[in-house]
Each structure stands twice: as structure tokens, then as C-alpha cells.
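Colleague: There's a structure below that I have some questions on.
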Amino acid sequence: MSLLVVGSMAFDSVKTPFGERDNAIGGSATYFSVSASYFTDVRLVAVVGQDFPESELNFLAERSVDLTGLERKEGETFRWKGEYGFDLNTAHTLDTQLNVFLDFQPRVPDSFKESEYVFLANIDPELQASVLEQVKSPRLVACDTMNFWIEGKRDELVKTFGMVDIVVINEGEVRELAGESNILKASRKILEMGPKSLVVKQGEYGALLIQNNSVFSAPGLPIEDIHDPTGAGDTFAGGFMGYLASKGDLSRDGLRRAVVFGSVMASFNVESFSYDRLRTLAGEDIEARYREFSDLAHFERL
Ligand code: AMP
């Protein structure tokens, strides 16, 4: 089924204790689209500058990402620079250059307006809301954000959260936005803003699915060679939404399986810089890793 995403496309300069890379292709919508493309066709709304390589756009198109909603503007593509310490769970932003994002107004093409599944990837919350005003009656809307917007556009972000079904954000962002350190209390405050479900990403430790009366916990797969966690959250969201859009099952069990598929895709992403590892996955790789997750967390009820 149809899955629409709006978000950033970027050049990332990333430093980890194990290596660094300048001007790697990144951006929330880019990671999301590549990941979700393993489950369903993706419709992308985003903006790039003249400097964004045509070869990457061709790669996305080959993976059935529909680029009708992509604008190529005069000027430079969005740029993000970040660093990770030995704790690879937290990115420290060193620089953000909005560039072509500064006066970007997302336009949803007519052919995308009836998309049933919509993901508002990390981007200015006002732009996220403007996309929702243009789509007709989606079956499911989810969204992500980051501390940059929590700190810079809090009121707009709370308004956007009031318009969505599911929020998918990091544990640290849940605490920061709620002003509450206990994760259950903080999650409840976010649910009070409007969404019915909250997915709390916990970096290498996995993810929680929190609804009013239930909590589900999916583990993170212990991985020996982590190169770069950048984009793990967006890749998670791509697996999560891609699976939901491909099956159409929004039951509690369907959402739980989607959280595991999100974790599966994120576990591949951290194995390389940029989305290099996601370029060559096969369906069997994804299924095999889903089984690994199932074995990892399985225990018998007494
Ligand atoms: P994550 O999945 O949280 O690791 O997201 C990393 C991606 O978010 C990088 O590829 C960045 O280009 C992108 N990004 C960083 N800051 C922002 C921002 N303020 N708005 C939109 N995207 C961003």
C-alpha cells in the first residue's frame, strides 16, 4: 500500500571513535526511503540543492522510490555534522546548515495525495504539519523529530504531535520534551498530546511500544562491528512503517511485529557508514535477522 514520507535529504559529516566520513549521503527521508523500500513502494517529498548527486537519485528510483515530489533548488543541500563518543547511542550535533530548507515549502503532488500511510520524518514541525494539510485521509500517520526542533520549535512540534497517530522518537527526546525523567511518566505526557501510540527508540538497547494500557519491549541485537549509528532511527522508522504499509495490519500484534522489523533494519544500518549496508540487502537477510531477534528474546512462560 502507498507510503508517503517527507523529511530531510542531506550531506552528513560524521565522526565516531572508529572512523569518520565527510559529506556522506544522509538525511531522515533518505534513510527512511531506502529502508522502507524493502517492504513497499515509497513516495518521497523533499528538497535537495544542485550539489546532490544524480547517481543517488537514480539509486532511489531503482529501489521504487517515487521522486515526483522531490524538488531540486538553486543552492546547497542541507548539511549536518555530528559526533559520537564511546557511547554510540547519543549523537552530538556540531553543525546544522539548513541551506535549501530555509525557504522550502513541501508540495505534495496530486498523485501522492491519497497515500494511506504517511511518515513525517525529522524536519521542521511546521513543514510536517503542512504536509498533513495536503493529504486526503490517510489510514495511519506517524512522525519523528529531534532535540534541534524540541528546543527551537516546541509549540509547533506539540501541535504536529496532536495531528498524528504514532510518534517514533528517541528515549532522550521523550524525556526532554516531557520535562520528566521517568520514561513511563514522560511517555504518558507525550500520549496526552494526541498520538495513540508512542515508539521509544533506545539505541542499542532496542525499542518500546507504549500505548495507554500496554508496554511492549523489543531488544536491540548485540552487534560486534558497529561503524556508524547515524540514520539508525530513520532506518528503524522505514522498517516499521514499510512493514505496516505492506501488511495493513494495525492490530497490537501487527504493531509489535513492525517494531521488530524496525529494529532489524536499524541493526543492518549501524554496520556501515551512510546507508552502504542497506544497498545490497536481500529479502532472506531480513528474514534471517528477524529470526535472530525472535531467538534472542524468546523465553517460556512458567
Ligand atoms: P538519526 O536516525 O536520528 O540518526 O538521524 C540522522 C539523520 O538526521 C542524518 O542523516 C541527518 O542528516 C538528519 N538530520 C540531522 N539534523 C536534522 C534536522 N535538524 N532536521 C532534519 N534532519 C536532520
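Colleague: Would you check if residue 90 is open to solvent by 60 Å² or more (accessible area, probe 1.4 Å), of a type in the set (S, T, N, Q), within 13 Å of the ligand (Cβ to nearest atom) and in contact (Cβ under 8 Å) with a residue 24 or more places away in the chain?
Modeller: Details: open to solvent by 60 Å² or more (accessible area, probe 1.4 Å): yes; of a type in the set (S, T, N, Q): yes; within 13 Å of the ligand (Cβ to nearest atom): yes; in contact (Cβ under 8 Å) with a residue 24 or more places away in the chain: yes.
Against the criterion (open to solvent by 60 Å² or more (accessible area, probe 1.4 Å), of a type in the set (S, T, N, Q), within 13 Å of the ligand (Cβ to nearest atom) and in contact (Cβ under 8 Å) with a residue 24 or more places away in the chain), residue 90 qualifies.
Colleague: Restricting to the range 206-246, name every residue that is of a type in the set (A, V, I, L, M, F, W, C), in a helix (DSSP H, G or I) and either more than 15 Å from the chain's Cα centre (by Cα) or surrounded by fewer than 18 Cβ atoms within 10 Å (Cβ to Cβ) (or both). Can you show your working first?
Modeller: Filtering the range 206-246 down to residues of a type in the set (A, V, I, L, M, F, W, C) leaves 207-210, 215-216, 218, 221, 223, 226, 232, 236-237, 240-241, 244-245.
In the following step, the residues that additionally are in a helix (DSSP H, G or I) were identified as 232, 236-237, 240-241, 244-245.
None; the set is empty.
Colleague: Okay, moving on. The conditions are (1) assigned to a helix (DSSP H, G or I); (2) open to solvent by less than 50 Å² (accessible area, probe 1.4 Å); (3) in contact (Cβ under 8 Å) with a residue 40 or more places away in the chain, and residue 281 fails exactly one of them. Which is it?
Modeller: (1)
This table checks each residue for (1) within 16 Å of the ligand (Cβ to nearest atom); (2) touching a Leu at 6+ places or on another chain (Cβ under 8 Å); (3) within 19 Å of residue 9 (Cα to Cα); (4) among the β-branched types (Val, Ile, Thr).
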{"site": "81", "(1), (2), (3), (4)": "yes, yes, yes, no"}
{"site": "84", "(1), (2), (3), (4)": "yes, no, no, no"}
{"site": "122", "(1), (2), (3), (4)": "yes, no, yes, no"}
{"site": "131", "(1), (2), (3), (4)": "yes, yes, yes, yes"}
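Colleague: Tell me, yes or no, whether the range 209-227 has at least one residue that is more than 25 Å from residue 164 (Cβ to Cβ) and β-branched (Val, Ile, Thr).
Modeller: Yes, some residue in the range 209-227 is more than 25 Å from residue 164 (Cβ to Cβ) and β-branched (Val, Ile, Thr).
Colleague: Among (1) in contact (Cβ under 8 Å) with a residue 60 or more places away in the chain; (2) of a type in the set (Asp, Glu); (3) farther than 21 Å from residue 238 by Cβ, which single condition is residue 176 missing?
Modeller: (1)
Colleague: Residue 58 passes all but one of (1) at pLDDT 95 or above; (2) open to solvent by 50 Å² or more (accessible area, probe 1.4 Å); (3) more than 16 Å from the ligand (Cβ to nearest atom); (4) part of a loop (DSSP other than H, G, I, E, B); which number fails?
Modeller: (4)
Colleague: Further question: Residues to consider are 194, 179, 203; find the one that is within 30 Å of residue 25 (Cβ to Cβ) and either open to solvent by 30 Å² or more (accessible area, probe 1.4 Å) or touching a Gly at 6+ places or on another chain (Cβ under 7 Å) (or both). Walk me through how you get there before you give the answer.
Modeller: On the way: 194 fails: within 30 Å of residue 25 (Cβ to Cβ); 179 fails: within 30 Å of residue 25 (Cβ to Cβ).
The unique qualifying residue is 203.
Colleague: Can you tell me which residues in the range 154-170 are near the ligand (Cβ under 10 Å from one of its atoms) and either open to solvent by 50 Å² or more (accessible area, probe 1.4 Å) or under 13 Å from residue 192 (Cα atoms) (or both)?
Modeller: 170
Colleague: Still on this structure, I have one more. Please tell me if residue 95 is closer than 20 Å to residue 233 by Cβ and exposed (fewer than 14 other Cβ atoms within 10 Å of the Cβ). Please lay out each step first, then the result.
Modeller: Details: closer than 20 Å to residue 233 by Cβ: yes; exposed (fewer than 14 other Cβ atoms within 10 Å of the Cβ): yes.
Here the answer is yes, as residue 95 does meet what is asked.
The values are calculated or read from the model by the stated rules, or taken from the named source; none is laboratory data. These numbers come from a predicted model, not from an experiment. Glycine gets a Cβ as well: all are built from the backbone with ideal geometry, and neighbour counts include every protein chain shown. These accessible areas exclude ligands, DNA and RNA; they are computed on the full protein's heavy atoms, side chains included. Shrake-Rupley method; radii C 1.70, N 1.55, O 1.52, S 1.80 Å.
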